[in-house]
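Structure first, then comments.
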Amino acid sequence: MVPAERPGRIRVELVWSPVAGDVRHAWLDLAEGSTLEQGLRSCEAFADQLEHLGQFKLGIWGRQQPLSYGLRDRDRIEVYRPLKVDPKEARRQRFQAHGGKRIVSRHRPLAGKGG
C-alpha cells in the first residue's frame, strides 16, 4: 500500500538484479531534489552493491542516466548489470550448437516460412 503523499518528499521505485534470475525491488521515500546516487545510497537492501556502483549502468524508466540525475516522484530506478557475453556472439554460439540450423523461437513463429 502506498502511503499518503507528504510535502517535500518523493517516492521512487528501485529495481536491480544482483545475479541472473534474482530480481529485487524496493520503494524509497526521499527528499525532493534527491539525485540518483542519493537514492541508491539510501536503500539498505542495495548497500551490498554500492562498492560495485561504477560497474553498473543506471536508468530511469529504461533510459540511461548519470548519478547526478535529479529524481522525480514515481521514477523507477533500474540498475543494469554488465553483460557477460555480447548478445550477437551468444546468438552465433547457439546457431553453431544447433548444427547451423535456424533456431525457431516459440515467441516469434516463422508464419509458414520453411526453417
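Could we say that ARG41 is free of Cβ contacts under 8 Å to residues at least 60 places away in the same chain, surrounded by 11 or more Cβ atoms within 10 Å (Cβ to Cβ) and closer than 30 Å to ARG102 by Cα here?
no
Kindly indicate whether ARG74 is over 17 Å from the mean Cα position of the chain (by Cα) and among the basic types (Lys, Arg).
It is false that ARG74 is over 17 Å from the mean Cα position of the chain (by Cα) and among the basic types (Lys, Arg).
Quick test of your reading of the structure: LEU71 fulfils all but one of (1) at pLDDT below 95; (2) surrounded by 11 or more Cβ atoms within 10 Å (Cβ to Cβ). Name the failing condition by number.
Result: LEU71 passes all but (1).
Which count do you get for residues in the range 3-12 that are in contact with a strand residue (DSSP E or B) (Cβ under 7 Å, 6 or more places away or on another chain) and either surrounded by fewer than 15 Cβ atoms within 10 Å (Cβ to Cβ) or modelled with pLDDT under 95 (or both)?
2
Within the range 25-54, how many residues are touching a strand residue (DSSP E or B) at 6+ places or on another chain (Cβ under 7 Å), of a type outside the set (S, T, N, Q) and under 13 Å from ARG81 (Cα atoms)?
Looking only at that region, the number is 0.
The values are calculated or read from the model by the stated rules, or taken from the named source; none is laboratory data. None of these values were measured; they are calculated from a predicted model. When we count neighbours, we look across all protein chains shown, and the Cβ atoms used for this are built from the backbone with ideal geometry, even at glycine.
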